[in-house]
1. For segment 303-412, how big is Rg over Rh, using alpha carbon atoms and the Kirkwood form of Rh?
2. Treating the Cα atoms of segment 54-105 as identical point scatterers in vacuum, please give the log10 of the normalised Debye intensity I(q)/I(0) at q = 0.24 Å⁻¹, two decimals.
3. So if I place +1 on the C-beta of Lys and Arg and -1 on the C-beta of Asp and Glu, and nothing else carries charge, what would the dipole magnitude of segment 227-275 be about its Cα centre? I want it in debye, nearest 20.
4. Along the charge dipole of segment 89-185, pointing to its positive end and built from +1/-1 on Cβ of Lys, Arg, Asp and Glu, which listed residue (ILE185, THR100, GLY142) has its Cα farthest out?
5. For each of MET11, MET147, count neighbouring Cβ atoms within 10 Å of the residue's Cβ, then give the residues from fewest to most.
6. Just from its helices, what would the mean residue ellipticity at 222 nm be for the chain, if runs of 4 or more DSSP H residues each count -39500 (n - 2.57) and the sum is divided by every residue, rounded to the nearest 500 deg cm²/dmol?
7. For LYS312, list the lysines whose Cα falls under 22 Å from its own Cα; do not include residues on the same chain fewer than 8 positions away.
8. What do you get when you divide the Cα radius of gyration of the chain by 2.2 N^0.38 Å, with N the number of residues?
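Nothing in this text is a laboratory measurement; each read-out follows from the coordinates by a stated rule. Please read these numbers as outputs of a predicted model, since none were measured by experiment. Every residue, glycine among them, receives a Cβ derived from its backbone with ideal geometry; neighbour counts consider all protein chains shown.
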Amino acid sequence: MDAYKRAVAMMDRKDKGLIACGLASNLDLLIGWDEELVQSWVDRFATVPRHYGQAFTMEEVANLFLYHLPRGGTECFVSPEIGRHIETEANVSNRAVGGTGTHAAKVLSLLGFPALLHMTVICSPLLEHLRYPSLSMASAEGPVSGMEYNPGIEMQAPHYIFQFPKGACLTFQGKEYRAPVANKIMLSRNDVNTHLPLQPEFFHALRDREDVPVLLLSALSNLVNKEDLVGHPRLLAKYISEMKKPPLVYYECGPFRVPDGLTYMMESFHTSIDILGCSDEEIFALTGETDTSAEGLYRALCRTMEVLKPQKGLVLHTREGALYYGNPLDCDIEAGLAMGGLTASTKARLGVYGTRGQVLAIQDEPNSPLGEEMRATLAPKGIIFVPSKPVEHPTASIGLGDTFTAGVLTCF
């Protein structure tokens, strides 16, 4: 039975444990790409293309769009006043969950896997997307089903996500600024996750359980103080050590706000992390490897293992497929990679997470030809590689990595 068939079989298991997902949550407001509107901002406000970490005026927002549209997207904090300006002029096409752990918990619940979610930003519009019987949140009284969870507080600080297509174009002073790939520019009113408050109730709910096979951690990359990249991992390691049956710890990477933040964090946290999940772009950037062929990827994997030292190995996702490199695991990781491919491909094709039936329907789609070539090159080197089910014209590019991660977790 091939990996995709085994992945589907995992969904029918009767002995599913509780998958714990953290650490950040937020509300995403998806803005339909309105080139005429953004061009009007450029015409009215732009002065010079430039990057900003924080934008307090529409001049800075317009400059940011010009700078990053041809560079593949970015994230920037904006003031509440800018947020209100955006909501007044732009069309919010959809509201969605944000945060790797939150995406993963929702996808897992849709697939029938019980999940416990660690939350940071909590508000009614976000909770409306998390009302599933198999999804629970931690409270002082213990885990509460998402169907009943009502914390009694509101902390709505959304992300405004402008998802632009390949070829999107802005004009400034007679020059075109064109997007080479589809991506997003995210303007965030939420600075809660730059401090990433940890929720003791979440870890207390896990402490005495023996049915938690895996703990997903993410979002330490949001921290802006270097000291927190030591303090937070130290506290997380303490919580993990106090668990009656410590789970496998899976850390999903993201772009760090602190320079060299991933390397710095892993210096003290690598003994607590079993599997590190990342993209090919991240390990090429980390290692400085410029050869993006399968051979270059293998060298980057070896170097990443040497530098970051996860206890078991690396999970990596690319457009052409997904792989595991490291020590043997006590699970069918190949099927997990295949399930990650199915969930991500469903999201890319349909723009939504998809029902169980929609996910299953993709298993018989053709594999990526380049992915098959990569598997042939990497398999003799001890790398488990599963070719993707490619989507030529995706309807969504937001959350694909998080959706992939959710699929991988099902194998544990």
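1. Working: Rg = 13.8 Å, Rh = 14.2 Å.
My calculation puts Rg/Rh at 0.97.
2. Debye curve over Cα of segment 54-105, log10 I(q)/I(0) at q = 0.24 Å⁻¹: -1.06.
3. 260 debye
4. Farthest towards the positive end: ILE185.
5. Numbers: MET11 16, MET147 12.
Listed from fewest to most nearby Cβ atoms, that is MET147, MET11.
6. So the helix-based figure for the chain works out to -11000 deg cm²/dmol.
7. Result set, ordered by chain and number: LYS238, LYS244, LYS245, LYS381.
8. Details: Rg = 20.8 Å, N = 412, 2.2 N^0.38 = 21.7 Å.
Output field value: 0.96.
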